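Trainee: Take this structure first; my questions come after.
The values are calculated or read from the model by the stated rules, or taken from the named source; none is laboratory data. All of these numbers come straight from a predicted model, not from anything done at the bench. FYI the Cβ positions are ideal-geometry reconstructions off the backbone, even for glycines, and counts take in every protein chain you see. These area figures cover heavy atoms from the full protein model, side chains too; ligands, DNA and RNA do not enter into them. Shrake-Rupley method; radii C 1.70, N 1.55, O 1.52, S 1.80 Å.
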Amino acid sequence: MTASTAGSAPTAPSDRPSGGHPRRWLILGVICLAQLTVLLDNTILNVAVPSLTEEMHATTADIQWMINAYSLVQSGLLLTAGSAADRYGRKKMLVAGLVLFGVGSLTASLAQGPGQLIAARGGMGVGGALLMTTTLAVVVQVFDEAERTKAIGLWGAVSSLGFAAGPLIGGSLLEHFWWGSIFLINLPVALLGLIAVVRLVPESRNPSGDRPDLLGALLSTVGMTGVVFAIISGPEHGWTSDRVLCSAFIGISVLTGFALWERHVPYPMLDMHFFRNRRFVGAVAGGILVAFGMGGSLFLLTQHLQLVLGYDALDAGLRTAPLALAVVLINLSGLGARLLPALGTPLTVIIGMGLLAAGLAAVAELGTDGYGGMLLGLVVMGTGIAVAMPAMAAAIMSAIPPEKAGVGAGVNGTLTEFGNGLGVAVLGAVLNSRFASLLPAVAAGAGSLPAAVAAARTPEERAAVGDAFASGVETSQLVGAVAVLAGGVLAALLLGRAERSSRTAPAA
């Protein structure tokens, strides 16, 4: 491979050999390894919540920020990272992302307090942004149109697995090591991925592409942080407090400024014209809410299993495994790949999101008193995720020109990370509000479940605290189920209209 040849404008699919790059499936394996590591860190921290609460004296709001710092920074930088990858080289950005992600993981493992861990997680988000955009962009480049849908489906399956397997892997590590081990595990994977990328992945770029929109990246990150800060702070400080109203106003104002800036700047981070495409809008709406339900529910589930039902970290991780197992089995069976061409994108999406919503509702209603009721819901959730996510990733990438593959991957990654962060913030806020409203008077004002239990004096009061938390989890899961179902209906309607428009366009 010569850099000068590979570094020119991306080769059109029709000019490539049949099937794309000769080492495309090996390259896909490398790409999926990097992607798996990045997405594991969205949920692997969930099982460490009791350890962090005890050892760092972290409040519920601290925990939410530890989890959200990663996804917020990542979602704020994904579009700029995608644009930079298109212009300067996707392989270069992939290598840089692996290095930054490894350094951030090492720093997180050495953190001594909540503030240090939040900062380290933010640093990991920078590396994660570079990785998430370049992995999907490289897949689009090395596979031709005939195999691209299958490749994206496998990439999507690994993405789903990363979210779902985080608690299991985290629980296994915490059974034998301290909480920092959940970050140290990233180091050998990042090193292996770095060697494989340097040796196997071809360089590709669009030298005439747009230069990175740094102001747009700043505006989007500040805006989303303001909104999420308001959501997380609401239960503790009051929804009408100056802190919440001010941060919400700043967040919404800055996001509005971001949209206006992107419409007028000659090199936008996010081309607002994409939103004229119903297929794009439908896939974006669905993708955000799938990630919303998945990220928020795993955040709640691991706490419920450990703090309410009394499982340790490993047992809690094992009990979330059916979700990951369902994702893997459905994708290995090829069900999702067969459903998409057979049923079309709209119906595939509504089936997948409907199953995810049903699974969330089942966990809420059947899992209150024990694990047995959760099991069915987890399997149904995993099935829905495996069906919906690859279909929406393919819909987004097909709505964006191939020369903007990095931007397209950035959009897909942004909505996933933003949905995940929003799920943790919103469903966590619902949990905190419900929990606080049901606490007995002796524990009023406690910032976390352990603090409330410590404040309770009698067995009856401790039982009331546990019941309050369980009720908060149930309410939150039901809110997530309604949001996912509504998103599925909206996405299917928009995707259906887009498909009908494309079929009638030649006759017009």
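Trainee: Report the extension gain between LEU347 and HIS237 in nm, rounded to one decimal, defined as 0.36 nm multiplied by the number of residues separating them, less their alpha carbon distance.
Mentor: Contour length minus the Cα-Cα distance gives 35.4 nm.
Trainee: Find the accessible area per residue for segment 74-131; the probe is 1.4 Å, ligands and nucleic acids are left out, and the unit is Å².
Mentor: 29 Å²
Trainee: Can you give the accessible area per residue of segment 279-376, in Å², using a 1.4 Å probe?
Mentor: 33 Å²
Trainee: How high is the FRET efficiency between ARG457 and PHE177 when r is their beta carbon distance and R₀ equals 25 Å, given to the nearest 0.05?
Mentor: The pair ARG457/PHE177 has a calculated efficiency of 0.10.
Trainee: Whole angstrom only: what separates the Cα centroid of segment 432-488 from the Cα centroid of segment 322-359?
Mentor: Each part reduced to its Cα centre gives a spacing of 32 Å.
Trainee: Could you order the peptides 74-84, 338-348, 31-41 from most to least packed, using the average number of other C-beta atoms within 10 Å per residue?
Mentor: Ranked from most to least packed, the peptides come out as 74-84, 31-41, 338-348.
Trainee: Leaving ligands, DNA and RNA out of it, report the carbon-plus-sulfur percent of the accessible area of segment 74-134 at a 1.4 Å probe.
Mentor: On segment 74-134, the fraction of accessible area on carbon and sulfur atoms equals 74 percent.
Trainee: Moving on to the next point. Within 10 Å, count the other beta carbons around each residue, average over each peptide in 354-363, 292-301, 107-116, and list them highest first.
Mentor: Result, highest mean Cβ count within 10 Å first: 292-301, 354-363, 107-116.
Trainee: In addition: What is the gain in length, in nm to one decimal, between CYS246 and LEU184 on full extension, counting 0.36 nm per residue of separation less the C-alpha to C-alpha distance?
Mentor: 18.5 nm
Trainee: Using a 1.4 angstrom probe on the protein heavy atoms only, could you order ILE330, ILE63 from most to least accessible area?
Mentor: Reading off the accessible areas and sorting them downward yields ILE330, ILE63.
Trainee: Tally Lys and Arg at +1 and Asp and Glu at -1 over the other residues with C-beta under 14 Å from the C-beta of VAL482: what net charge comes out?
Mentor: It works out to a net charge of -2.
Trainee: Take the alpha carbon atoms of segment 119-150, find their center, do the same for segment 260-313, and report the distance between the two centers in whole angstrom.
Mentor: Spelled out, the Cα-based centre of one part sits 16 Å from the other.
Trainee: Tally Lys and Arg at +1 and Asp and Glu at -1 over the other residues with C-beta under 14 Å from the C-beta of PRO114: what net charge comes out?
Mentor: -2
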